Amino acid sequence: MGLDQYAKQVKRDYNHETLTSTTVKTEIAYWRKHNPLEIYMAALYRTKTDDMGEFNCKNVELTVDDLATLEAVIKSGNLPIDSFLDYTDDSKEYKEADLEFIEKARKAIDNGYEIEYTSWW
């Protein structure tokens, strides 16, 4: 199974004169086969949208509160694990990358960006 995961900062602008909108997305984090994070984000997406379908190539917006909850889950070592997925326990490496992402995401939100997570498998 290939699993590529991305977090992006998103800036949306609307020009009232031309009645056009632009969206610029910039990647701020990338993970490869970080299944526990994928399971967590899929559950968050389903909670926010009530969409119980397949979580693949869908976006979930992360708020400041979502980031705080995710940080607590990561620091406590409680990201979910699914025994059916191919998961190698690189938890220390992932934990550092996850916490770096959260810090970048908070700064981006402070600067007026939205944060979204998406994945493709």
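The condition (being under 11 Å from the mean Cα position of the chain (by Cα) and farther than 20 Å from Ala108 by Cβ) is satisfied by just one residue among Ala7, Ala42: Ala42.
For the stretch 1-100, the strands (runs of 3 or more DSSP E) that sit wholly inside it and include 2 or more residues that are of a type in the set (Gly, Ala, Ser) are 20-32.
Yes/no per residue for (1) of a type in the set (A, V, I, L, M); (2) at pLDDT below 95:
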{"position": "Thr63", "(1), (2)": "no, no"}
{"position": "Lys92", "(1), (2)": "no, yes"}
{"position": "Lys104", "(1), (2)": "no, no"}
{"position": "Ala108", "(1), (2)": "yes, no"}
{"position": "Asn111", "(1), (2)": "no, no"}
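Taking (1) of a type in the set (Lys, Arg); (2) without any contact (Cβ under 8 Å) to a residue 12 or more places away in the chain; (3) surrounded by 15 or more Cβ atoms within 10 Å (Cβ to Cβ) in turn, Lys33 satisfies each apart from (2). Sub-9 Å Cβ pairs linking a first residue in the stretch 2-23 that is among the aromatic types (Phe, Trp, Tyr) to a second residue that is in a strand (DSSP E or B) and exposed (fewer than 10 other Cβ atoms within 10 Å of the Cβ), at least 6 apart or interchain, are Tyr6/Glu27; Tyr14/Thr20; Tyr14/Ser21; Tyr14/Thr22, ordered by first then second residue.
The number of residues in the stretch 101-121 that are buried (at least 19 other Cβ atoms within 10 Å of the Cβ), of a type outside the set (A, V, I, L, M, F, W, C) and in a strand (DSSP E or B) comes to 2.
Yes/no per residue for (1) surrounded by 18 or more Cβ atoms within 10 Å (Cβ to Cβ); (2) of a type in the set (Val, Ile, Thr); (3) closer than 13 Å to Thr118 by Cβ:
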| position | (1), (2), (3) |
| --- | --- |
| Asp4 | no, no, yes |
| His16 | no, no, no |
| Lys25 | no, no, yes |
| Asp50 | no, no, no |
| Phe55 | yes, no, yes |
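Out of the residues in the stretch 56-83 meeting the condition of being without any contact (Cβ under 8 Å) to a residue 12 or more places away in the chain and small (Gly, Ala, Ser), tell me which one is nearest to Lys8 (Cα to Cα). Looking at residues that are without any contact (Cβ under 8 Å) to a residue 12 or more places away in the chain and small (Gly, Ala, Ser), I get Ala68. In a residue-by-residue description of the stretch 35-46, the property of being modelled with pLDDT of 95 or more, over 15 Å from Asp4 (Cβ atoms) and touching a strand residue (DSSP E or B) at 6+ places or on another chain (Cβ under 8 Å) applies to at least one position.
The values are calculated or read from the model by the stated rules, or taken from the named source; none is laboratory data. Everything numeric here is computed off the predicted structure, so don't read it as measured data. Cβ: placed from backbone, ideal geometry, glycine included. Neighbour counts: every protein chain shown.
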